[in-house]
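The values are calculated or read from the model by the stated rules, or taken from the named source; none is laboratory data. Remember, it's a predicted structure, so these values are computed and weren't measured experimentally. Using ideal geometry, Cβ is built from the backbone for each residue, glycine included, and neighbour counts are taken over all protein chains shown.
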């Protein structure tokens, strides 16, 4: 696809052809009082050196050197240097949607490898080329289940990331899809199975749960699947922390898995771009939104890659397309592909073990202080945990910030019943010294008393 | 390929054969020829209601996905399970390969459809 500007000579010829004297003539119908007859009030052109100075100064305003216990859908993991050096290659960085297989083999193969790795990790038969992020992935998975079942109701766990639920709400609101929220067990932080069983009916298209869930707790997927499948509904498992798959059993009982793959080598970058994924059992492949790359053989018998099942996509079947996901997150998905290739099967497992160990140490160290209790200890978790403090987060957060530590996120914003409860995350890059420092700062008030 | 005289046809290129109040529905030779190799048929379920001129499924070829329109109103009594594994039967024998069977709510609806000569005249017009 080329964007070629017109030369002055071409403009003259075009104007002559339509009988206009100048470009301004084309706008003559607009009343003079609505026309802007001065230059736009934008800053003057700057020299490159001035622009660099400007951004250096702006960059210096960033807070640096903080240890952060924030997680909740956006995770700090180490990014091997090879990721950025490879994705910046022009062949990947500037390539467009690979409609034309003949000239896009590299891009198509990279996507195919991504799909293969994601399918293996999630225990599904097939994965797509990526979605925008974990939230749109979850919402599109629900829409996919509606198409596959012909049913028109959704059941959603309250422990699915609240922002994912908001995105789903935006989708369902205009599709007129009713959805029921199912609460959690106060001891385990897992979905309340009794309420779930009562909420799933013969009209339910899909049940959406998350594991590890928003409290960091790993759900009992086989037990949930039994309840869901008993009513002929589909089970969608959302995964916000992809690194958990290094150690947590994949949700093989699910019909559809939606995932946020940011943890696989994608920088946090002020909230995006992230990388969503949908993977599913093969029987649902035709209802899957977005691109799908397949492997084939060319006329000479060589392995080749193509966009497959694209007859259902919007560039061919506009108004009846399975979704309007268009140019995908190919470059971000490539980061995840490189990350997974660098770590490999053993590496991902070790990485997950480090996360588990760091989070266990953090949970133990922080909750050992007086006035601090760890909640939801009745079920296994991954690299996040919930703490309840006697003081409110507003009271202790400044003490931590003074020690250059960003504490856990206040859960009462989404769960008013969880007063003084915060969600903490510790990944492999969290130094033990910072965990100890956080425990000290958190308990400082009680120490003084 | 000849269009059976006892069948009736739609402008969306489906055929229907009536046996009592049960109609067998498929797509015409013209339709399969325009679609090319059929790789998948999206079928309704037995017991589903179908409405005249409304979609009841789709056929997917290597070129496109096309909706299937029901010629009549009624209830699905059978689906052709064979098409799940061998959708190309439609290409091979379009007029012998039914896709669904429907119990017509009003069997008289059959006679309101195009007969073979009217359908042949219609496609002759389409291909002009």
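What the table below lists for this structure:
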read-out: Residue count for region B:27-57, restricted to those that are in a loop (DSSP other than H, G, I, E, B), away from chain A (no Cβ under 13 Å) and over 29 Å from residue A:151 (Cα atoms); value: 1
read-out: Some residue of region A:98-108 being in the same structural domain as residue A:210 (by TED's automatic domain parsing), surrounded by fewer than 23 Cβ atoms within 10 Å (Cβ to Cβ) and closer than 24 Å to residue A:218 by Cα; value: no
read-out: Residue within region A:68-88 that is over 26 Å from residue A:430 (Cα atoms) and either assigned by TED's automatic domain parsing to the domain that holds residue A:356 or part of a helix (DSSP H, G or I) (or both) present; value: yes
read-out: Residue in region A:320-334 that is within 23 Å of the chain's Cα centre (by Cα), farther than 30 Å from residue A:82 by Cβ and touching a residue at least 40 places away in the same chain (Cβ under 8 Å) present; value: yes
read-out: Condition broken by residue A:419, with the remaining ones in (1) within 20 Å of residue A:241 (Cα to Cα); (2) part of a loop (DSSP other than H, G, I, E, B); (3) more than 26 Å from the chain's Cα centre (by Cα) satisfied; value: (1)
read-out: Checklist (1) over 15 Å from residue B:15 (Cβ atoms); (2) within 14 Å of chain A (Cβ to nearest Cβ); (3) surrounded by 14 or more Cβ atoms within 10 Å (Cβ to Cβ) applied to residue B:62, failing item; value: (3)
